[in-house]
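Beneath this line is the structure, given in structure tokens, with notes to follow.
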Amino acid sequence: MSTTNGGRIVSLSQKGQATIPKELREKHGIEPGSRVRIHENEQGEIVVEPLPSLQDFRGAATTAERGTAILREEREVDEERSQRLERDD
């Protein structure tokens, strides 16, 4: 792995797997077994987004309204993270 002004450069395994650098995993709370969303943005860049686990939501949604509010909050966090990642590139 090497560093450039545009981020980290990692190699792909023969299976097409890449390792997310430790400092980014720690910064974004990505642990072994965590789930991430991988998609292509409007600029054609591949984006990796950490997803909250079901445990993060356990006990939080005591009503349907509260559950909806939690999902809205998480979507806002996801959007902010996406925008921050796009700015960092």
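Couple of notes before you dig in:
- 3 or more residues modelled with pLDDT of 85 or more: qualifying strands (runs of 3 or more DSSP E) within the stretch 2-89: 36-40, 46-50
- Within the stretch 4-32, residues that are under 17 Å from residue 82 (Cα atoms) and touching a residue at least 12 places away in the same chain (Cβ under 8 Å) have Cβ atoms under 9 Å from residues that are in a loop (DSSP other than H, G, I, E, B) and among the acidic types (Asp, Glu) in these pairs: 6/89; 7/89, counting only partners at least 6 apart in sequence or on another chain.
The values are calculated or read from the model by the stated rules, or taken from the named source; none is laboratory data. Bear in mind the structure is a predicted one, so any value in this text is a computation, not a measurement. Positions of Cβ are backbone-derived with ideal geometry, glycine not excepted, and every protein chain shown enters the neighbour counts.
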